[in-house]
Amino acid sequence: SISLPFLKSSSDWSVNVSQKRSIQTQRRTFFFQMCETYRTLSLKNFKDTEIYNPGLHYETLTHISHGPKGSVLLSEGMMFYENEIKEFTLHNGEIKTIGKGFYSTYIQEHKKLFYYFHQKGRREFELRVANGYDLANGKILGRVPLDSRGIIFDPVVQISENSVVFIGEDQKVNKYDFVKRELKSLNIENCIPKAWRKKNRKLICQGIHKKAHYQVSIETGKREVLKNLPFTNGGITYIENHDTLISHSSRTNLWEMKLESPFIVAYSFDEDRGKRIFDEFFSYGIWINEDMSHWFKSTSNNS
């Protein structure tokens, strides 16, 4: 069986999903959005806990990402033009609406917020960047590319202190440099950025025309198919300390002609294998690699 060190029984690790208002947590935490709620999943005992339930239909919860220290950012809305970005404060569970947008990525080093915006009645989707939470004055970096299957976009991925990548209007990976204030195409095709593998400085991406995941060098464009990483259209979270990806998948039972229940997977690069760790679905999640216990208010009743 696969041996992932952070899955061993230890008081030092927990993986979390998002839900109600306030919780107790251990040292390492993974938040993810699942159906109608935000939850946490402990990798010590595989117990999941609801942190925040907005009381909305499952299709209205679109994304979760890192915010300024002590908070996470949520996207909610039935239609893209209705989506709002909200800040969830960890220590007290307070919710604050920031403005219209979705698929947000906050860059702590530069206090910049990347997000997508769609205006009702218009065909195009825009990728914007704002200073802090000043969404009203967000600058347009580009528009979402279209192909035969429709729109193609995913949250921006940070690859260094000063740069991010995303799928550009040319359907190639584009890089934005904060210091140089430079936007350029990297001439890497068939690659929707999903995560940055810091250990070998390669981009984890999803194919556009093929159901596959790759790790790609942004310097040379050389790619390697991750054959043993289950395919997902949702988010992929990289855990740097353990060179591991958290993803989700589902399998089709061809004998009984049915789709099996989705499950969460931990994929180890060292062993090139995944471990099915929990029978549940999530679309996007984040890993917070620090002691967060002081951010959470201990309560016995999450209401």
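Largest first and in whole Å, the equivalent-ellipsoid semi-axes of the range 169-252 read 23, 16, 11, each the square root of five times a Cα gyration tensor eigenvalue. Separation of the alpha carbons by more than 30 angstrom is noted, of Lys69/Lys172; Lys111/Lys202; Lys112/Lys275, for Lys69/Lys172; Lys112/Lys275.
According to the calculation over all Cα-Cα pairs in the range 197-237, the P(r) per 10 Å bin from zero is 29, 58, 13 %. Of the cross-linked pairs Lys96/Lys139; Lys175/Lys211; Lys96/Lys184, those separated by over 31 Å at the C-alpha level are Lys96/Lys184.
Overall dimensions of the range 114-208, expressed as equivalent-ellipsoid semi-axes from the Cα gyration tensor (√(5λ), whole Å, largest first), are 21, 18, 11.
Surface exposure of the range 91-146, expressed per residue as accessible area with a 1.4 Å probe, stands at 51 Å².
Using the Cβ of Asn174 as centre and a radius below 13 Å, the other residues enclosed give a net charge of -2, where K and R count +1 and D and E count -1.
The values are calculated or read from the model by the stated rules, or taken from the named source; none is laboratory data. Just so it is clear, the model here is predicted, and its values are computed rather than measured. Ideal geometry is used to build each Cβ from the backbone, glycine not excepted, and the neighbour counts take in all protein chains shown. Just the protein is used for accessible areas: all its heavy atoms, side chains included, with ligands, DNA and RNA removed. Shrake-Rupley method; radii C 1.70, N 1.55, O 1.52, S 1.80 Å.
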